[in-house]
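**Q** Dropping the structure in here first, questions after.
Any read-out appearing in this document is the output of simple, stated calculations on the displayed coordinates, not a laboratory observation. These numbers come from a predicted model, not from an experiment. Please note: Cβ atoms are built from the backbone with ideal geometry, for glycine as well, and neighbour counts cover all protein chains shown.
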Amino acid sequence: MFCEKCGKEIPDGATFCSHCGEPIKNNVNKVTGEKNMILALIISFVLPGLGIFYAGNRKKGLILFVLGLIFSLIGRSVPIFAAIGLIIWAYALYDTYNEIKIANGESNPNLIEDIKGFPTPKKIGSIVVIAFIFLLLIGGIVGAFTPNSDTSSNIDDEIDDIDASDDIEATSSSSSASSSSGSGDSYSSSSDGYDTHSHYDGEYGSSDTYGTVNDDGSVDAHQTGHTDYGDYQIDSHMDSDGNIHGTVEMGGKTYHVSS
């Protein structure tokens, strides 16, 4: 047999070329055992780059692993980094296949050509797996750039359980009142000229509302409250035509309200 690197003749079964020192991969694999392709791909699917490390290319495997980890962490807040992290993950899977082939003695692996030569069941299985990985990649990239929520919406869609109009009662005369029901709920309100105040305590929470009736008939209102779902705050303005504009803060998010 002959050395692939220097071309000089070497004994059959040699693990290294006696002339240039090049490892004879086929014979080395016979001594050390072939690398498991399925195991390597599973490792790289879970931890990008470590399948390449397992194949023997430790430097490249560690670089891809560290890059994938860094981009994935930063990608939690910066979508473009998340997309790059997913591309690194997909490349690491592809390169794991090549590195395992090289480690097992194939000098120029070609995934497409290998699939063409597979028997039909294995060929179909390989295509399904590749399509699945491709869909995961595209779905992950699209998801990284998709906003988690819309911070402005119509009040009917986002805050169905809160109706600001039920909590704002304005009057231009001085009065005070209180009431209670059999369920243990209590409600009190008071007014002083154009300014109004109401307080509610009940089974599902409590709230305080402050309002001002302006000369043109418009109303400015502010409400803070506590429910089983957390605290909330409403700041609203109802113009003389009955249109409401304002914001609702709930669960750490601000919703813009208009009607």
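**Q** Please give the net charge around LEU111, taking every other residue with its beta carbon less than 14 angstrom from that of LEU111, where Lys and Arg add +1 and Asp and Glu add -1. Could you put the intermediate results ahead of the total?
**A** Details: positive: LYS101, LYS116, LYS122, LYS123; negative: ASP95, GLU99, GLU106, GLU113, ASP114.
Here the charged neighbours net out to -1.
**Q** Straight-line reach only, C-alpha to C-alpha below 19 angstrom: list the lysines that LYS101 could link to, leaving out same-chain residues fewer than 8 apart.
**A** Cross-link targets: LYS5, LYS25, LYS30, LYS35, LYS59, LYS60, LYS116, LYS122, LYS123.
**Q** Students often check this: by mean Cβ neighbours within 10 Å, which of 61-67, 99-105, 210-216, 113-119 ranks highest, and how do the rest follow? All intermediate terms of the calculation are to be shown ahead of the outcome.
**A** On the way: 61-67: 18.1, 99-105: 19.9, 210-216: 14.0, 113-119: 11.0.
The most tightly packed comes first, giving 99-105, 61-67, 210-216, 113-119.
**Q** Classify the range 25-118 from the C-alpha gyration tensor, please: rounded if a/c falls under 1.5, else prolate or oblate depending on whether a/b exceeds b/c.
**A** Details: a/c = 3.06, a/b = 1.94, b/c = 1.58.
Since a/c reaches 1.5 and a/b is larger than b/c, the shape of the range 25-118 is classed as prolate.
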